[in-house]
Every structure is written in structure tokens, then in C-alpha cells.
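Here the structure comes first, spelled out in C-alpha cells, and everything after it is commentary.
The values are calculated or read from the model by the stated rules, or taken from the named source; none is laboratory data. Values in this document were obtained by computation on a predicted structure and should not be read as measured data. Cβ atoms come from the backbone with ideal geometry, glycine included; neighbour counts cover every protein chain shown. In case anyone asks, the SASA skips ligands and DNA or RNA and just uses the protein heavy atoms, side chains included. Shrake-Rupley method; radii C 1.70, N 1.55, O 1.52, S 1.80 Å.
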Amino acid sequence: MSTLQSVVHDASLVVTCGPGGVGKTTTAAALALAAARAGRRVIVVTVDPARRLADTLGIDASARSHDPVEVVGATTHPTGSLWAQMLDAESTFDRMIADRAGDEQRVQAILSNPIYRSIAGSLAGAQEYMAIERLHQLWTSGEYDLIVIDTPPSRHAIDLLAAPDRLVTFFSHPVYRVLTVPGRSFARVTNAGSSAFLWAIRRLAGPKVVEDTIEFFRSLSGMEAGLRQRAAETAQILRSEETAFVLVSSPRAEAIDEAVHLAGALRDGGFPLHAMVVNLVHPTPAPLGMEVPADLPPGPLTDQFDLHRELTALVADEAREMNTLRTLADDAALVEVPLLDDVQDLAGLAVLGGHLLSTAG
Amino acid sequence: MILPDTLAGMGPVRATPVWLGRTRVLVVVGKGGVGTSTVAASSALLAAKGGADVLLVAVDGKPGLGPLLGGQPLGPAEQTLRTFTRGGGRVRGRTISPEQAFGDYLELKGFGRLLRRAASAASFDLIAGSTPGMEHLLVLGKIKELDREKAADLIIVDVPPAGHAAPFLRSASALQRAVASGPVRDQADEVSALLADHQRCQCVLVTLPEETPVNEVVELAYDLEDDLGLALAPLVVNACWPERPGLSMSAAAAAKQQHMTLPAATRRALDGVVRFGRARLDSQHEQFARLDEALPLPRVQLPRLPAARLLPAHLDLLASALAAEPIMPQRVSQ
Ligand SMILES: Nc1ncnc2c1ncn2[C@@H]1O[C@H](COP(=O)(O)OP(=O)(O)OP(=O)(O)O)[C@@H](O)[C@H]1O
Ligand SMILES: [Mg+2]
């Protein structure tokens with residue numbers, strides 16, 4: 001069995017990650033489809049899917065539902081099913097507040113706070129954090145045999161993996177703690193760091209923002225214990241035996257460099273890297289078996305020879321880049337997937353899945 | 001007109017395309033993986049070859065642009081990457097991080113020690129975290145300062161990648177909504193004014209001739225133009241397969257036209273690449289047609305280089321391609 005075959009059959013959690021635009025979302029969907037067709041109940045949680053892929057999965061923006069939708073026609077297997085959900089940082093944040101903030105009044109106070117409104121969608125790392133929060137919810141629900149989580153492009157690997165820690169750090173920051181001590185008015189905040197902080201905000205952004213900020217921090221107080229606990233649990237889940245990280249890259253140097261960086265970060269963090277996928281690889285031309293005449297004038301045949309020569313050079317160049325990744329692979333599988341024509345419908349995803357699971361790699 | 005526009009008779013100095021000389025600030029924007037940094041670097045090179053003093057600013061701190069232009073990896077300290085004796089042009093490069101921009105800002109505004117202490121590493125996270133968009137605004141504010149100081153003839157900004165471009169550029173208008181007064185508000189107002197000023201600032205959108213990047217760039221173009229009033233420079237379509245009419249026929253037919261006969265193995269090998277190449281060209285034409293329909297912007301097409309890793313020599317090639325007269329959409333669609 002190829003590595004990704006066993007991942008599809010046995011893992012409980014798959015995380016796809018990698019640089020921007022290399023096919024993480026598509027790979028996540030293709031692996032999920034393969035697992036569903038193997039008879040498992042699977043959910044794929046995607047970030048920002050291409051429009052037609054979203055249509056295929058039934059999660060296009062117009063019908064954006066926050067609950068999982070079953071993908072129609074995904075499988076005929078009697079026990080298999082494929083579910084999909086789009087990840088949206090802001091709505092996941094809202095949902096977390098609604099679930100965790102306690103009484104309705106408090107929930108409303110937070111949700112309508114202007115500082116919260118602007119934080120929810122854009123707090124650095126919010127998307128990454130939400131991917132992880134969502135994962136925790138799905139994992140503890142126990143409703144699925146396999147959860148496939150797609151991640152936003154991570155230029156800095158740390159962004160994704162450190163997201164839970166960072167949010168916890170935010171909530172345990174001394175300034176934050178001082179600000180949230182109930183009953184203490186902001187005029188009497190004596191901690192030097194905090195008063196400097198508030199003074200700075202007031203000077204820079206005006207008193208209204210200071211009030212909103214304090215109000216926001218206060219309304220969140222009490223939630224951080226839960227946050228911290230879930231972050232710790234999620235950190236465990238991500239390192240569990242049932243989890244497989246799949247690193248996706250393209251054979252272009254910028255992507256490979258980033259993938260190398262990410263692979264290192266995964267190793268250092270103790271995350272189980274099972275496979276590296278190099279997607280969008282150009283096809284290797286068959287050898288010409290003859291010398292190209294040096295004095296061939298421009299014409300259709302020259303065009304064809306030129307393309308042959310360029311593709312041959314490109315493929316060699318790509319192989320060289322992939323080798324950098326291969327030397328890092330250790331026991332992780334390295335799977336090459338060719339540049340395909342159309343992978344955004346179920347048929348295309350199945351073809352992509354065939355390449356991913358192929359034993360040749 | 002900021003760049004020298006009459007370079008006739010100056011030999012190999014390259015004439016700068018009109019659009020590139022139109023404003024001092026040029027912001028390069030695109031989704032991850034489409035090549036915004038490459039386009040930023042090649043534009044810098046092209047303008048410098050035309051005699052301009054260019055400052056290339058990498059916002060997300062991609063250090064690799066430095067070596068590609070013949071210098072050291074980019075860092076917060078400015079360095080000269082390339083100079084051209086012929087026209088007197090040069091390319092300088094640096095990164096700008098929010099922390100650094102914040103420090104500079106406090107310096108500039110003459111804020112005291114207390115505030116600077118508040119801005120120390122830990123509190124910076126808090127300030128940035130509790131005033132979202134602040135990080136972006138600080139960087140844009142720094143660019144606005146560079147423009148005001150006339151720090152270069154042309155300031156090219158390589159915007160953060162993948163999904164962050166829109167929030168980055170929108171940070172000022174978002175903060176204008178959230179913050180009613182104070183220096184942050186002033187800063188946001190001034191940055192918004194710069195972005196919307198067609199005499200001072202324009203935006204180059206970069207995409208690939210593929211379905212998803214085309215969808216995304218169309219969306220982004222309307223967003224930036226409608227919401228922020230940004231002036232859009234010609235669209236750059238990167239990594240285009242070179243047009244090769246010879247790919248429309250079989251190897252045998254092509255050989256016949258050129259009075260050659262090919263061994264069977266050669267024909268098979270050529271037919272294989274021809275099939276692949278034609279499929280790419282067909283889908284590329286389809287994407288050009290979609291752009292014609294959806295985006296009334298002139299565009300410049302950059303060739304796909306047959307290499308997986310970009311080398312300094314490639315940048316010169318791309319700079320020449322950028323110098324081409326932009327294609328008007330209707331002309332392509334006829
Ligand atoms: N093997 C392939 N052959 C051809 N096209 C592909 C292949 N894999 C992915 N694509 C296409 O490439 C585009 C980008 O894929 P996808 O959205 O999965 O990338 P991503 O890594 O998730 O991007 P982002 O970083 O923006 O999230 C899509 O249009 C997809 O259909
Ligand atoms: Mg994606």
C-alpha cells in the first residue's frame with residue numbers, strides 16, 4: 001500500500017499545508033473523496049476554495065452554510081459519505097464566542113463590540129487559529145471517521161502551528177490581565193506596562209478606542225481558561241498517532257524553499273509528516289532520438305523542437321528542485337502529481353486522487 | 001512625469017514604458033504563487049535601466065529579491081542592488097516591518113520615552129492585536145512618508161502575498177471607520193489619500209493565465225478600484241506560454257512543411273509535447289478571452305521561463321518583456 005493509501009484508510013485526521021497556490025485545497029478534497037469512496041465517513045474543511053471546486057463540494061459562497069453539507073454524488077459506497085464545510089474565520093470566531101461566553105447578554109456585548117468586530121476577521125493568525133478551533137469541535141464530536149483539514153497558505157510555518165499558542169499568549173499577557181481585573185477603573189490601572197499601553201492607544205487612536213478595548217478585554221475574561229485548555233488538547237490531537245500531515249508544494253523553487261522550511265518546522269514541532277506532495281509537475285517528454293539540425297529555419301517543426309527542448313530543460317530543473325525536498329523526506333513519502341487539465345469537478349478530483357494514491361511514487 | 005521620458009539617442013538605455021513613469025508609488029499585488037515579487041523586481045530593473053532611481057520595498061520581507069537583483073538579501077537597512085552608469089539609474093532595496101515602521105513613526109511624531117516603552121516588543125503585539133489593521137497601516141504610513149520625502153523617483157512596493165493583499169490595502173479605510181480621531185486617524189486619512197491619488201500612486205495587478213487566478217484578479221481589480229479608488233496600471237499576466245503556431249499540427253505535417261522526414265520515435269516524442277503544449281495554449285487563450293470580457297484593462301504578458309528557479313539573467317528578460325506596449329483588451333478579442 002502506498003503511504004497515502006494507508007493515510008486514506010487509517011488516519012483519523014489529515015492536515016494539508018504548504019505554500020500559496022500549489023493545490024492544498026484540491027489535494028485535501030481529493031484525499032477526502034478517496035477515503036469516502038473507500039467506505040469512510042469523511043469531512044473536508046476547506047479554506048478559500050476555487051469557485052468551481054466550491055460548487056463541486058456544494059459550498060459556494062452564495063449558499064455559504066456554516067454547517068457541513070453532504071457532497072452529492074460523491075460515492076456509491078454503502079458506508080461511505082463525503083461532507084464539506086467552508087472555513088470562515090469571522091463566523092467561527094462568532095460561534096466560539098456564542099458557545100463559550102456564557103449568557104446571551106454577554107455574547108451580544110462581545111459580538112457588537114467594534115474592537116471585536118474588527119478583530120474577528122483580521123487578528124493576525126485568526127484563520128489559522130480558527131482552523132484549529134474547528135478541528136477541536138469536529139474531533140470531539142466524534143461524528144466522522146476522518147477529518148481532512150485544509151489550511152491557509154503559510155509563508156511562515158510558524159503561523160499555522162503556533163496559532164493556538166499565540167492566542168493564549170495574547171490572553172495571558174500581563175497587560176491584558178491587568179485590564180481585565182473586574183471593577184478596577186482604567187484611571188487606576190497602576191501597572192506601568194499597562195498604563196503605558198493604554199496611554200499609547202489613547203494618544204494614537206483616541207479615547208473611544210481605549211474604552212472599547214477595555215470593554216472587549218473585560219467581556220472576554222473567563223474564556224481564556226477554556227481557550228488555553230482547547231489549545232493544549234488540539235496540540236495533542238495534532239501530534240497523535242492517528243494524524244497525518246501532508247505537505248503540498250509545486251516544483252518551483254519559491255514553493256520548494258518554503259516547503260523545506262515548513263517541513264523543518266513540522267519536524268521540530270513533533271508533527272507527524274507522512275507525505276510530501278509535489279503537485280503541478282510538468283510531463284517528461286520522450287527523448288527525440290536524434291540531433292536537431294543546427295540550421296533549421298523558423299517554421300512549425302522548429303516550434304515543436306523548441307517546445308521539446310524547453311520542456312526537457314524545465315523537467316530537469318524541476319527534478320533538481322524536488323531533490324532538495326527528497327533529501328529531507330526521511331521516512332515521509334514523496335509523491336509527484338502531474339499538471340492535469342481540470343481537477344475541479346468530482347471526476348477531476350478522482351483522477352488527482354489516483355495520482356496521489358498511486359504506488360509508483 | 002517623474003521618470004526621464006526623453007531618452008532618445010542615449011544608446012542602450014531602455015525607454016521606460018509610459019505607465020511605469022506615471023506615479024512615484026507603484027504597488028504590486030497578486031495572490032500567492034503568481035509572481036508578484038518577480039514582477040516588482042523586474043519593474044524596478046526596467047525603470048532603473050531607463051535612468052530612474054528606484055527603491056524596491058518588500059513588505060513581507062522576502063529577502064530573496066536582493067540576490068536576484070545582484071545584492072545581498074534584503075533587510076531593514078537600505079542597500080544599493082544595481083547601478084547603471086549609462087543612464088544614471090539604480091535599484092535600491094529594503095524591507096519594512098510593522099515594528100520598524102512603528103519605531104520610525106514615533107520618532108517622526110516626537111513621541112516621548114513612555115510611548116516608546118509601550119511600543120516595546122510585547123506591547124507592540126497587543127497594540128497591533130487590539131487595533132487590527134494597525135500593522136498594515138504602519139507600513140503603508142511609512143511608504144507614504146517615503147513618498148513625501150521623495151526618497152526615490154519610483155518606489156515599488158511588493159505587497160504581502162496570498163490573501164493578505166486586500167486587507168493590507170484596505171487597512172487604512174477600515175481604520176477610518178473604527179477610529180474617530182487622533183494620530184492613527186490622521187495617518188489613516190493620509191494613507192487613504194495617497195492610495196486614491198492617481199497622480200501619486202498606482203497598482204499593478206499580477207495574475208496567471210489560469211482559471212482560478214483570473215477569477216481572483218478580476219475580483220481584486222474591482223475591489224481595489226471601487227472601494228479604495230486605486231489607479232490600476234496595466235494588468236500583468238505572468239508565465240504565459242509562448243505562442244507557437246507550429247503546435248497546431250502533427251510532427252509529421254510540420255516536418256513535411258520544412259522538407260524533413262523524422263524517425264518514428266522523434267515524431268512520437270514531438271507529438272507528445274505538441275499535445276501538451278497545445279492544451280496549455282488553448283486554455284491560455286480561453287483565459288485571455290475571459291480577461292477581455294471581464295476586465296477592461298490593458299495588459300502586459302510575460303513569458304513563462306523554462307526554469308524552476310529564477311536567476312538574475314531571467315529578470316533582465318522579464319524586464320524587457322515588461323517594456324512592451326500593453327495590449328488593449330479589444331484588440332486581442334477581435
Ligand atoms: N494537479 C493539478 N493539475 C492542474 N491544476 C491543478 C492541480 N492541482 C491544483 N490545480 C489547480 O490549481 C489551482 C490552485 O489550487 P488550490 O486552490 O487547491 O491551491 P491552494 O494551495 O489551496 O491555494 P491557496 O494557497 O490559495 O489556498 C486551482 O485552480 C486548482 O484547480
Ligand atoms: Mg487553499
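Take each residue in B:204-214, count the other chain C-beta atoms within 10 Å of its C-beta, and the mean is 2.
Would you mind checking B:K49/B:K144; A:K24/B:K142; A:K24/B:K150; B:K49/B:K142; A:K24/B:K144 for any pair whose Cα atoms are more than 32 angstrom apart?
Values: B:K49/B:K144 25 Å; A:K24/B:K142 34 Å; A:K24/B:K150 42 Å; B:K49/B:K142 26 Å; A:K24/B:K144 36 Å.
Beyond 32 Å between Cα atoms: A:K24/B:K142; A:K24/B:K150; A:K24/B:K144.
A simple spin-label model places the labels of B:R148 and B:E107 1.5 nm from each other, with each point 7 Å out along Cα-to-Cβ. The calculated FRET efficiency for B:E219 paired with B:L311, based on their beta-carbon distance and R0 = 22 Å, is about 0.10.
Dipole check for the stretch B:250-294: with +1 at the C-beta of Lys and Arg, -1 at the C-beta of Asp and Glu, and the Cα centre as origin, the magnitude is about 340 Debye. Once you order the gyration tensor axes a ≥ b ≥ c over the Cα atoms, which shape class does the stretch A:7-89 get: rounded for a/c under 1.5, otherwise prolate or oblate by comparing a/b with b/c? Oblate shape, in that a/c is at least 1.5 and b/c is the bigger or equal ratio. Report note on the peptides B:238-250, A:100-112: ranked by the mean count of other C-beta atoms within 10 Å, highest first, their order is B:238-250, A:100-112. Prolate is the label for the stretch B:165-256. Its Cα gyration tensor axes, ordered a ≥ b ≥ c, give a/c of at least 1.5 and a/b above b/c.
Applied to the stretch A:270-286, the Karplus parametrisation 6.51 cos²θ - 1.76 cosθ + 1.60 on θ = phi - 60° returns per-residue 3J(HN,Hα) values of x, 8, x, 7, 8, 8, 10, 10, 9, 9, 6, 6, 6, x, 7, x, 5 Hz, with x for Gly and Pro. In this calculation the C-beta distance from B:E78 to B:R290 is compared with R0 = 41 Å, giving a FRET efficiency of 0.50.
Per residue of B:301-310, other chain Cβ atoms within 10 Å of the residue Cβ number 6 on average. Distant-in-sequence amide contacts of B:G32, defined by a placed amide H-H separation under 5 Å and a gap of 5 or more residues or a different chain, comprise B:A162, B:G163. Annotation: amide H-H contacts under 5 Å for A:V248 (H modelled 1.01 Å from N, sequence separation of 5 or more, or interchain): A:C17, A:G18, A:V277. Note on A:D99 and A:T140: their simple-model spin labels are 0.7 nm apart, each label 7 Å out from Cα toward Cβ.
Which FRET efficiency value, to the nearest 0.05, do you get for A:T359 and B:D271 by plugging their Cβ-Cβ distance into 1/(1 + (r/R0)^6) with R0 = 22 Å? FRET efficiency, A:T359 to B:D271: 0.15. Taking every residue in A:287-299 and counting other chain Cβ atoms within 10 Å of its Cβ, the average works out to 3.
The local environment of A:V343, defined by Cβ-Cβ distances under 14 Å, has a net charge of -3 under the rule Lys, Arg +1 and Asp, Glu -1.
Modelled spin-label separation between A:T324 and B:D227, with each label point placed 7 Å from Cα along the Cα-to-Cβ direction: 3.4 nm.
Each peptide in A:78-86, A:225-233 was scored by the mean count of other Cβ atoms within 10 Å over its residues; highest first, the order is A:78-86, A:225-233. In order along the stretch A:319-336, the Karplus-derived 3J(HN,Hα) couplings, from 6.51 cos²θ - 1.76 cosθ + 1.60 at θ = phi - 60°, round to 4, 4, 5, 5, 4, 4, 6, 4, 5, 8, 5, 6, 9, 6, 6, 10, 10, 9 Hz, and Gly and Pro are given as x.
Kindly compute the accessible surface that chains A and B hide from a 1.4 Å probe when together, both sides summed, and give it to the nearest 100 Å².
Counting protein atoms only, the buried area is about 5300 Å².
Each Lys or Arg adds one and each Asp or Glu takes one away; over the other residues whose Cβ falls under 15 Å from the Cβ of B:D227, this sums to -2.
For the stretch B:206-269, the residue among B:A252, B:G229, B:T212 whose Cα projects farthest onto the positive side of the dipole built from Cβ charges is B:A252. Coupling constants for the stretch B:72-82 follow from the phi torsions by the Karplus curve (6.51 cos²θ - 1.76 cosθ + 1.60, θ = phi - 60°), and in residue order they are 8, x, 5, x, x, 8, 5, 9, 8, 9, 8 Hz; glycine and proline get x. A simple count of charges around B:R309, restricted to other residues whose Cβ falls under 11 Å of its Cβ and scoring Lys, Arg +1 and Asp, Glu -1, yields -3. Prolate is the label for the stretch B:222-283, because a/c, from the alpha-carbon gyration tensor with a ≥ b ≥ c as root eigenvalues, is 1.5 or above and a/b exceeds b/c.
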